[in-house]
Amino acid sequence: MSEKLIRVGTIYIPVSNIELSSEWYVNKLGAELSYKDEDKAILNLANQSIFLVKSNGNQSSNFNDIHGEERFSLTFEVNGLSALEAIHKDFIEKNIKVGEIENRGHSGRNFVFYDLNGNIFDVWSELSQIFKKNI
């Protein structure tokens with residue numbers, strides 16, 4: 001087979017309240033709302049289509065690694081350390097729960113943040129080379 005996967009088209013995130021969650025993503029992260037009903041909201045954020053899907057109970061997109069540490073399933077990228085520091089400060093000012101900027105032993109720096117439902121997301125200061133070429 002010569003065909004290959006080209007890009008991730010849609011990411012699905014479980015939320016308990018579509019209205020509150022979609023407002024949070026729009027107001028806090030600058031997402032663009034393109035559709036909303038009782039069961040889902042479709043957002044455009046960071047060149048991705050993100051579906052907020054109403055879920056039962058206390059579900060999240062997080063998982064535990066082999067050492068029992070809760071992990072994120074999605075990393076956003078920004079273009080450089082100064083951009084990472086600026087968005088970290090902006091998130092703090094918007095009362096978004098954030099972690100400290102970290103050195104994880106690879107190029108760049110990272111921090112995590114949380115949405116209303118406890119979904120953890122990562123932000124990395126290194127923009128992928130392929131994406132850099134395209135912008």
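The values are calculated or read from the model by the stated rules, or taken from the named source; none is laboratory data. Keep in mind the model is a prediction, meaning the values are calculated, not measured. Here Cβ is always computed from backbone atoms with ideal geometry, including for glycine, and neighbour counts include all displayed protein chains.
In region 83-92, is there at least one residue being in contact with a strand residue (DSSP E or B) (Cβ under 6 Å, 6 or more places away or on another chain) and in a strand (DSSP E or B)?
No, region 83-92 contains no residue that is in contact with a strand residue (DSSP E or B) (Cβ under 6 Å, 6 or more places away or on another chain) and in a strand (DSSP E or B).
Look at S107 and say whether it is assigned to a loop (DSSP other than H, G, I, E, B) and closer than 30 Å to N17 by Cβ.
No.
Mind counting the residues in region 83-116 that are surrounded by 12 or more Cβ atoms within 10 Å (Cβ to Cβ) and within 13 Å of K28 (Cβ to Cβ)?
Residues in region 83-116 being surrounded by 12 or more Cβ atoms within 10 Å (Cβ to Cβ) and within 13 Å of K28 (Cβ to Cβ): 12 in total.
Do we have any residue at all in region 69-76 that's out of contact with any Ser or Thr (no Cβ under 9 Å at 6 or more places or on another chain) and either assigned to a loop (DSSP other than H, G, I, E, B) or among the small types (G, A, S) (or both)?
Yes, region 69-76 contains at least one residue that is out of contact with any Ser or Thr (no Cβ under 9 Å at 6 or more places or on another chain) and either assigned to a loop (DSSP other than H, G, I, E, B) or among the small types (G, A, S) (or both).
Consider only pairs whose beta carbons are under 9 Å apart and that are at least six residues apart or on different chains; among these, list those whose first residue lies in region 21-32 and is more than 12 Å from D90 (Cβ to Cβ) and in the same structural domain as I92 (by TED's automatic domain parsing) and whose second residue is surrounded by 19 or more Cβ atoms within 10 Å (Cβ to Cβ) and at pLDDT 95 or above.
Pairs that qualify, where the first residue is more than 12 Å from D90 (Cβ to Cβ) and in the same structural domain as I92 (by TED's automatic domain parsing) and the partner is surrounded by 19 or more Cβ atoms within 10 Å (Cβ to Cβ) and at pLDDT 95 or above: there are none.
Please go through (1) in a loop (DSSP other than H, G, I, E, B); (2) surrounded by 15 or more Cβ atoms within 10 Å (Cβ to Cβ) for N79 and return the number of the only condition it doesn't satisfy.
Unmet condition: (2).
Can you name the residue in region 103-135 that is β-branched (V, I, T) and more than 16 Å from the chain's Cα centre (by Cα) and is also nearest to N47 (Cα to Cα) among such residues?
The residue in question is I135.
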